[in-house]
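Notes follow once the structure below has been shown.
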Amino acid sequence: MVLLFTSLYLTNDLHFSIGDAGFIMSFYGAGSVAGSYAGGWLTDKFSYFNTMLFSLISCGLILLLIIPLKTMWPIIIVIFFYSFAADMFRPANSVAIADYSTPENRTRSVSLIRLAVNLGFSLGPAMGGLIAIKLGYKWLFIIDACSSFAAAIMLYAYLPRKPKAAPVVKAEIAEPKSLSAYHNVPFLVFILLVAIYGTCFFQLFASVPQYFSKVPKYTEDVIGYLLALNGILVVVIEMPLIYFIEKTRKMFAYIVAGTLCIPVAFFILKSGEGAIMWAVTYTLIITLSEILAMPFMMNYMLSISPPDRQGQYSALYSIAFGLSIIGAPLIGLTIAEKSGFDNMFTFFIVTGVLTAVGFLFMGKKLRKT
């Protein structure tokens with residue numbers, strides 16, 4: 001809820017320019033990158049359970065600090081440390097998925113986690129839009145902090161602790177599959193493509209709400225409903241669809257198809273000129289991109305990560321999305337301010353096509369090897 005409306009809070013409530021809002025929000029991504037790295041290290045060093053618990057408690061506490069702030073750099077510092085704390089959760093959560101699932105049901109496990117996240121994304125934007133109008137933006141931060149504390153309590157109370165793997169597993173460390181993530185060149189190329197994909201996709205939260213607010217002049221509640229539609233569609237469609245298509249074992253085919261939805265969605269939004277029908281159509285297609293691409297991206301990462309380096313591989317995967325959270329507002333809102341939203345849409349249409357081509361060639365090369 002906070003991520004979706006912070007950009008609007010900065011421009012509408014604190015009266016920063018669109019470019020300044022993009023600059024400030026890029027530090028959310030910087031904190032995400034640092035937090036993802038720290039989360040991967042802590043997960044390998046300690047445990048995914050303790051890392052997730054610490055992340056939830058600390059990000060709730062830090063979030064409350066933003067409420068009295070009015071100037072740029074104090075806000076940047078708090079946003080950085082909030083995202084640092086919040087994104088420690090991602091690598092730990094990825095390792096937990098691998099630990100609690102099997103290779104046969106891993107994609108469905110990923111989709112089930114995404115279903116839970118998108119249930120929040122269904123309620124969050126709709127609630128956030130109404131809260132912003134009725135109570136003010138500051139209550140968004142208070143309620144979101146409370147949700148972090150509630151999640152920490154539920155995690156501690158209900159997640160069963162699994163014993164650590166037997167020491168016998170350590171004997172396999174010397175095998176080739178235990179290659180460091182930082183020396184695995186194909187995986188690093190994959191991470192780069194994921195980061196570019198994420199930069200395009202996260203315009204949904206970075207620049208598109210600004211477009212809706214500034215061009216067709218939708219109110220916060222309408223913007224919230226459009227973003228909530230994304231979460232609702234993922235909840236309703238993804239699990240049944242993934243259950244059907246995961247049996248084909250064609251991970252990169254679905255990643256390419258999902259990536260190609262990005263330029264199609266932006267072309268529709270650009271052509272629609274602010275009409276609500278085209279805004280809804282954009283949301284439908286960008287959601288299809290997420291449903292097709294993201295579960296299989298994560299499944300590929302989990303499938304090639306060796307047991308003793310799962311935190312490392314998961315951290316790099318999370319860092320890819322952290323980099324995209326940096327790039328999404330910084331690139332999108334800067335282009336929008338300097339050249340207009342139409343040129344911004346064109347940029348991401350071209351970038352989306354090139355990214356899909358990159359995934360296509362990578363998939364072909366992996367099949368050959």
*asked:* Using the Cα centre of the chain as origin and beta-carbon charges of +1 (Lys, Arg) and -1 (Asp, Glu), tell me which of Phe84, Leu360, Gly120 is placed farthest towards the positive end of the dipole.
replied: Leu360
_Pairs of Cα atoms farther than 22 Å apart, region 275-368, %_ = 44 percent
_Unit charges on C-beta of K, R, D, E only; dipole of region 17-125, Debye_ = 100 debye
*Mean residue ellipticity at 222 nm from the helices of the chain, using -39,500 (n - 2.57) per DSSP H segment of n ≥ 4 over the full residue count, to the nearest 500 deg cm²/dmol?*
-27000 deg cm²/dmol
*In which sequence would Glu220, Glu104, Glu337 go, from the one with the fewest C-beta neighbours within 10 Å to the one with the most?*
Glu104, Glu337, Glu220
*Using +1 on the beta carbon of Lys and Arg, -1 on that of Asp and Glu, and nothing else charged, what's the dipole of the chain about the Cα centre, debye to 20?*
820 debye
*Placing +1 at every Lys and Arg Cβ and -1 at every Asp and Glu Cβ, with all other atoms neutral, what dipole size does region 174-325 have around its Cα centre, in debye to the nearest 20?*
260 debye
*Per 10 Å bin, what percent of the C-alpha pairs of region 13-112 does each bin hold, from zero upward?*
16, 37, 28, 15, 5, 0
*Kindly state, to the nearest 0.05, the FRET efficiency for Glu104 paired with Lys364, given R0 = 35 Å and r defined as their beta-carbon distance.*
0.85
*Taking the chain as a Gaussian network, where each spring joins two C-alpha atoms under 10 Å apart, which residue of Ser32, Ser318, Ser17 fluctuates the most?*
Ser17
*Compute the longest continuous run of the chain that contains no exposed trypsin sites (Lys or Arg not before Pro); treat a site as exposed when its DSSP state is not H, G, I, E or B and it has at most 11 other Cβ atoms within 10 Å.*
250-369
*Would you mind ranking Ser26, Ser83 so that the residue whose beta carbon has the fewest other beta carbons within 10 Å leads the list?*
Ser26, Ser83
*Sorted by Cβ density within 10 Å, fewest first, the residues Tyr100, Tyr300, Tyr158, Tyr254*: Tyr158, Tyr100, Tyr300, Tyr254
_At a threshold of 8 angstrom on Cα-Cα distance, excluding pairs fewer than six apart, so keeping six or more, what relative contact order does region 5-152 reach in percent?_
32 percent
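Throughout, read-outs are computed from the coordinates displayed, never taken from laboratory work. Keep in mind that what you see is a predicted model, and the values were worked out from it rather than measured. Ideal geometry is used to build each Cβ from the backbone, glycine not excepted, and the neighbour counts take in all protein chains shown.
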